[in-house]
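Here is the structure we will look at, set down as C-alpha cells.
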Amino acid sequence: TAPLLSRGRVEFPDGFIWGAATASYQIEGAVNEDGRGRSIWDTFSATPGKVARGDTGEVACDHYHRYVDDVRLMRELGLRAYRFSVAWPRIQPDGSGTPNPRGLDFYDRLVDELLRHDITPYVTLYHWDLPQALEDRGGWTSRETAHRFADYAEIVYARLGDRVRSWTTLNEPWVSAFLGYGNGVHAPGRSDPADALRAAHHLLLAHGLGVRALRAAGARELMLVINSSPVLTPAQVIDPDATPSAADAEAVELIHALLNRQFLDPVLRGSYPPEVLKVVERHCGLAHIADDDLGTINAPIDLVGVNYYNPCTVEAGPGTPADPAWPGSEGVRFRTPDVPATAMGWPIVPTGLSRLLLRLSRDYPGVGLLVTENGAAFDDTVTDGRVHDADRIAYLDGHLRALHAAIAAGADVRGYLAWSLLDNFEWAEGYHRRFGLVYVDYTTQARIPKDSALWYRDVIIRNGLTR
Ligand code: GBH
C-alpha cells in the first residue's frame, strides 16, 4: 500500500492553492454596526453557561474595522487565497427580504482589498451565524429556512459574483445540525435527535437550492465544506494495517455513514445511505423529505471542501446508549486514542488526513478536493514579542506530508487552507483556545505572527517542505 506520509523534501503540484481561513462571527466583532441583525450566536453567547468564560463575538478580532490591516498582513505572510464567510444577518438583518446595503458594502470592500493584494477570495455563505429571526420561526428544523438561504445566496452573488469565482454554500452542516440541535453545545442550543436529523436534511436542501440559484446566476466554482474524519478503531490509529473485528468494523461503518456519507451521498450520488435512512425513519419519520429533494441536493458541484482536525475513533460497545450528537449510535463507544493531543484534547494523527483524502477520492471519484481547514490550538505565549509555537509547526508539517502522500497516491487535492489566520472566537470554547497562525492580543488588538506563520510563508514560497 502507498505511504501515508511523504518524507524528506516534498514539492506540491504547480498551481497548488495556499491560504488560510476564518469565519465572520469568529473575527468580525461590530455586531451592532451598519444595520447588522442578531444571529443565533449573539443570543447563545449571551446566555449564561453556554460559552466558556462568558465570551461573546461582540468585539472578537475587530476585523470589521481592521480588515485593511489584516489583508496587508495576509499579503506579508504570502497567502495566495483567503477563505472567509459572509454574516447573513449583515445582509438580511431579519433573514429575509430587502438586503441591507451597508452589510454588502463591507464584503465588497474586503473583496476589492484582497484582489488588490492578489489574494483569491473563497466565500462561504453560511458559517453558523443564522439570523435569529429565522431561528424564531424554527431555524434549520424548518424547511422554509432552506428557501430563505437560497434567496440570501442570490443576493450576495449579485453583489460579489463579478469578482469572486469560488463559492461555498455551507460550512460543516453536520456541526450545525448535531451540535446545534442534537447535543446543544452550539447555537441555537437545542437538543432533540428528531430536530437534529430534520435540520441535517434542511441544510442539505439549502445547499441544493443554493447551488441551483448560484448556478443560474452564473457561478463557476461551487463547493460544500464538510467536517470530515476518517472513522477508525483505536488500534487503527496506532497501526494503519490493524484489522478490526467484524463488530468494530460495523461500528466504524455506521459512524462513517452518520458523519460523512449522510452529507456526501445525497450531494454526490443523489441518495441517502440506507443506515442513515433507518435512523431518520426511527426518530422522526421521512415526511420532511419531499420526493424531489434528493434531485435538488444532487445538483453538480465542483469541489468538496474538507475540514480535517482528527480522526473519529470508535469501537463496538454493546449496550452503550446513543451520544446526543450522534442519533442512531447506540452500541458504539467513542474512544480517545492514546496519542499526543492539542489543547482542545484532539488527538494528533496526520495519517488520518491521507486516509481520509484517499477514501473520499476512491468513494466519490470525479469531484476535486480542497482542504478548507486544518490546524490546531496550543497554549501559545508571547515571549519578547514572539510566539514560539514549534508544536503547531510540527502539526502543520505532519498534515502537509499526509496531504502530499495522498496526492502522490492519486487523490485530486487542489490546495490547503490553514485554520486559522488569526486567533479568534472558538465557539463554545471562547477566546482561550488559540488556532491562529497570528496571535491576537485581545486587550490591544495587536497581531503577532507566530513562528508557524513565518514557517508557513516559506512553505508557500517553496511550494513545498524541506528536510
Ligand atoms: C471547525 O469545526 C470550524 O469550521 C471552525 O469554525 C472552528 O473554529 C474550527 O473547526 C476549530 O474548532 O466528539 O462528537 O463532539 C470543528 C469541527 C467537529 C471538531 C466536531 C470537533 C467534535 C465531534 N468539529 N468535533 S464530537
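Looking across Ala177, Ala199, Ala213, Ala206, one residue alone is surrounded by fewer than 24 Cβ atoms within 10 Å (Cβ to Cβ) and either in a helix (DSSP H, G or I) or free of Cβ contacts under 8 Å to residues at least 12 places away in the same chain (or both). It is Ala213.
Among the residues of segment 392-407, the ones that are open to solvent by 30 Å² or more (accessible area, probe 1.4 Å) and in contact (Cβ under 8 Å) with a residue 40 or more places away in the chain come to 3 in all. Among the candidates Leu369, Leu294, Leu360, Leu353, the residue that is modelled with pLDDT of 95 or more, touching a helix residue (DSSP H, G or I) at 6+ places or on another chain (Cβ under 8 Å) and open to solvent by 10 Å² or more (accessible area, probe 1.4 Å) is uniquely Leu294. Of all residues assigned to segment 438-456, at least one qualifies as being more than 24 Å from Thr120 (Cα to Cα) and β-branched (Val, Ile, Thr). Looking across segment 302-324, just one residue is within 20 Å of Ser191 (Cα to Cα) and either among the hydroxyl-bearing types (Ser, Thr, Tyr) or surrounded by 22 or more Cβ atoms within 10 Å (Cβ to Cβ) (or both), and that is Thr320. His399 meets each of the listed conditions (1) over 23 Å from Val231 (Cβ atoms); (2) in a helix (DSSP H, G or I); (3) within 16 Å of the ligand (Cβ to nearest atom) apart from (1).
Scanning segment 17-44 for residues that are farther than 23 Å from Val438 by Cβ and either hydroxyl-bearing (Ser, Thr, Tyr) or assigned to a helix (DSSP H, G or I) (or both) returns Ser39, Ile40, Asp42, Thr43, Phe44.
In segment 231-248, the residues that are open to solvent by 60 Å² or more (accessible area, probe 1.4 Å) form Cβ pairs under 9 Å with partners that are not polar (S, T, N, Q), at six or more places apart or across chains, as follows: Ile238/Pro337; Ile238/Asp338; Ile238/Val339; Thr243/Ala235; Thr243/Ala249; Ala246/Ala316.
For segment 266-275, filtering for residues that are crowded, with 21+ Cβ neighbours inside 10 Å and either touching a residue at least 40 places away in the same chain (Cβ under 8 Å) or closer than 17 Å to Leu209 by Cα (or both) leaves 3.
A single entry from Leu160, Leu130, Leu134 fulfils the requirement of being out of contact with any Asp or Glu (no Cβ under 9 Å at 6 or more places or on another chain) and in contact (Cβ under 8 Å) with a residue 12 or more places away in the chain: Leu130.
Within segment 326-353, residues that are more than 22 Å from Leu258 (Cα to Cα) have Cβ atoms under 8 Å from residues that are within 12 Å of the ligand (Cβ to nearest atom) and small (Gly, Ala, Ser) in these pairs: Thr342/Ala376; Thr342/Ala377; Ala343/Ala376; Ala343/Ala377; Met344/Ala376; Met344/Ala377; Ile348/Ala376, counting only partners at least 6 apart in sequence or on another chain. Pull out all pairs, ordered by first then second residue, where Cβ-Cβ is under 6 Å, the residues are six or more apart or on different chains, the first lies in segment 408-419 and is free of Cβ contacts under 8 Å to residues at least 12 places away in the same chain and open to solvent by 60 Å² or more (accessible area, probe 1.4 Å), and the second is hydroxyl-bearing (Ser, Thr, Tyr) and assigned to a loop (DSSP other than H, G, I, E, B). Cβ pairs passing all conditions: none. On inspection, Glu429 passes the criterion of being within 14 Å of the ligand (Cβ to nearest atom) and open to solvent by 30 Å² or more (accessible area, probe 1.4 Å).
The values are calculated or read from the model by the stated rules, or taken from the named source; none is laboratory data. Here the structure is a predicted model, which means the values were calculated and not measured. Heads up, the Cβs are rebuilt from the backbone with ideal geometry, glycines too, and the neighbour counts pull from every protein chain shown. Accessible surface is based on the protein model in full, side chains and every heavy atom, while ligands, DNA and RNA are left aside. Shrake-Rupley method; radii C 1.70, N 1.55, O 1.52, S 1.80 Å.
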